[in-house]
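J.: Have a look at this one before I ask anything.
The values are calculated or read from the model by the stated rules, or taken from the named source; none is laboratory data. Just so we're clear, the structure is a prediction, and the values are computed from it rather than from any experiment. Heads up, the Cβs are rebuilt from the backbone with ideal geometry, glycines too, and the neighbour counts pull from every protein chain shown. Quick note on the areas: whole protein, heavy atoms, side chains included, nothing else; ligands and nucleic acids left out. Shrake-Rupley method; radii C 1.70, N 1.55, O 1.52, S 1.80 Å.
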Amino acid sequence: MTSHSLPKGMIRAASIAGPHEGYMPGFGNDFETEALPGALPQGMNSPQKCNYGLYGEQLSGTAFTAPSHQNERTWCYRIRPSVKHTHRFKKIAVPLWRSAPCIDPDIISLGQYRWDPVTVPNERLTWITGMRTMVTAGDVNTQTGMASHMYLVNASMEDEYFFSADGELLVVPQEGRLRFCTELGVIDLEPKEIAILPRGLVYRVEVLEGPARGFVCENYGQKFQLPGRGPIGANCMANRRDFKTPVAAYEDREVPSKVTVKWCGQFHVTEIGHSPLDVVAWHGNYAPVKYDLRTYCPVGAVLFDHPDPSIFTVLTAPSGIEGTANIDFVLFRERWMVAENTFRPPWYHKNVMSEMMGNIYGVYDAKPKGFVPGGMSLHNCMLPHGPDKGAFEHASNEPMVPVKQSDTMSF
Ligand code: FE2
């Protein structure tokens, strides 16, 4: 390693002024950020020598040849190249974090499923050991489909780091607060917010307020993007400016450390002598991001009928077939119900998509019982489902006056 003269310890960049301190606004923007002045090369990516003796390195989230509107990559300027952050790998067992395909051959019942929230056990559980797979679809090795997990975390990772080669993680906290110290900056996350951790990004998860419980969507396929709004126009739903990407932050710590990688559904660990979070500056559009669900502006029925739930899409991950998602992340939050002469809850139906729901807080209108905060439900592909009997009776007889759905957030 070349010599360098960097200040020791974690440095947070202070170049972002105003209300966005610590974060840069926008979804899919081409950002640039540096934790030390002059660390980011200007006008080129690969100078012969980088300032501070840093190494230039590209992290590509899409194929080099992806069309320009989908192409995502970030240039990192770091104390050591990433190849120094891996040593000999050893396979380890993480039995409760599973990957598709894993259809249980002994499945006893199809139909509608509801699960109560799981209590966080007393044993030490980190972001890796606290992950519990609930449902899977597709195939991790062909990079199609997804898995849905619950995380139950009561312990910070200490000199332990993680990255996934299998997909990006969409994190939906339900209880507690977590800090994601990533190669590209720090994201603090609490309930009513979500975050996306890109495939390949190295990070450590700390508990700010525990125990922490929440949901994770592991997306094996193409990245999440914002849905097209069509005739709705240029505004409403999730707005780009409400997404926040952290400014550069790094640490220069030489301590025995472990890096675990999830790769083709397996887990492998490697031991190194330093923190891998050593990116001092970066520029590009492949980066972690968080979003406050309270800024989601729902659009819905204003005269009659109940639109398809796709009207509430926050993020969509395309499948490659136009208009057909690999995953849609859809939010049911506080809103007014005003439709006249209408059965207002979701209608009875069966459809090609499998629907996994989680309750962040409150009561969901079609499932007033047995679907509590922290709980999940599953309506599988082409298996019929619809409102509970009580919800049907109520909605069939309620007066047709405007009603506020208050204190509710499910997805
Ligand atoms: Fe449904």
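J.: Scan the stretch 272-336 for chymotrypsin sites (Phe, Trp or Tyr not before Pro) in coil per DSSP, keeping those whose Cβ has at most 14 other Cβ atoms within 10 Å, and list them by number.
T.: Listed in order of number, the matching sites are 304.
J.: Principal axis extents for the stretch 46-134, Cα atoms only, whole Å, descending order, please.
T.: 62, 38, 25
J.: How much of the accessible area of the chain, probe 1.4 Å, is carbon plus sulfur, in whole percent?
T.: Answer for the chain is 55 percent, counting heavy atoms of protein chains only.
J.: Suppose every Lys and Arg Cβ carries +1 and every Asp and Glu Cβ carries -1, with no other charges. What dipole size does the chain come out with about its Cα centre, to the nearest 20 debye?
T.: On the way: 38 positive and 43 negative charges, 107 e Å.
The calculation lands at about 520 debye.
J.: Provide the FRET efficiency to the nearest 0.05 for the residue 87-residue 350 pair, computing r from the beta carbons and using R0 = 45 Å.
T.: The value I calculate is 0.35.
J.: Moving to a separate point now. What number, in percent, do you get for the relative contact order of the stretch 100-235 if the mean sequence gap of Cα pairs under 8 Å and at least 6 apart is divided by its residue count?
T.: Once divided by the residue count of the stretch 100-235, the mean separation gives 27 percent.
J.: If you wrap a convex hull around the C-alpha atoms of the stretch 228-330 and split its volume per residue, what is the figure in Å³?
T.: Value for the stretch 228-330: 170 Å³ per residue.
J.: Could you tell me whether the stretch 246-297 comes out rounded, prolate or oblate from its Cα gyration tensor? Rule is a ≥ b ≥ c as square roots of the eigenvalues, rounded for a/c under 1.5, then prolate if a/b exceeds b/c, otherwise oblate. Before the final figure, lay out each step's value.
T.: Working: a/c = 2.63, a/b = 1.47, b/c = 1.79.
Oblate shape, in that a/c is at least 1.5 and b/c is the bigger or equal ratio.
J.: Using alpha-carbon pairs under 8 Å, 6+ residues apart, how would you state the relative contact order of the chain in percent?
T.: On the way: 1040 pairs, mean separation 79.0, N = 411.
Relative contact order of the chain: 19 percent.
J.: When the gyration tensor of the stretch 203-260 is built from Cα positions, what are the square roots of 5 times its three eigenvalues, in whole Å, from largest to smallest? Present the calculation step by step, with values, prior to reporting the outcome.
T.: Details: eigenvalues 231, 51, 41 Å².
Three semi-axes, in Å: 34, 16, 14.
J.: What does the extension gain come out to for residue 406 and residue 60, with contour length at 0.36 nm per residue minus their alpha carbon separation?
T.: Full extension from residue 406 to residue 60 adds 120.3 nm.
J.: Past the 22 Å Cα-Cα mark, which pairs from 192/389; 290/367; 49/84; 84/262? All intermediate terms of the calculation are to be shown ahead of the outcome.
T.: Values: 192/389 30 Å; 290/367 28 Å; 49/84 18 Å; 84/262 18 Å.
Beyond 22 Å: 192/389; 290/367.
J.: List the GluC sites (Glu not before Pro) within the stretch 70-161 that fall in a DSSP loop (any state other than H, G, I, E or B) and whose Cβ has at most 11 other Cβ atoms within 10 Å.
T.: Taking the stretch 70-161 and a limit of 11 other Cβ atoms within 10 Å, the loop GluC sites (Glu not before Pro) found are 123, 158.
J.: Now a separate question. Work out how much length residue 107 to residue 341 would gain on full extension: take 0.36 nm times their residue separation and subtract the Cα-Cα distance, in nm to one decimal.
T.: Once the chain is fully extended between residue 107 and residue 341, it gains 80.1 nm.
J.: Write down the accessible area per residue of the chain in Å², having rolled a 1.4 Å probe over the full set of protein chains.
T.: 47 Å²
J.: Hey, could you grab the Kirkwood Rh for the stretch 120-245? Inverse mean 1/r over distinct alpha carbon pairs, Å, one decimal.
T.: 15.5 Å
J.: Can you give me the Kirkwood hydrodynamic radius for the chain, using every pair of distinct Cα atoms, in Å to one decimal?
T.: Its Kirkwood hydrodynamic radius stands at 22.6 Å.
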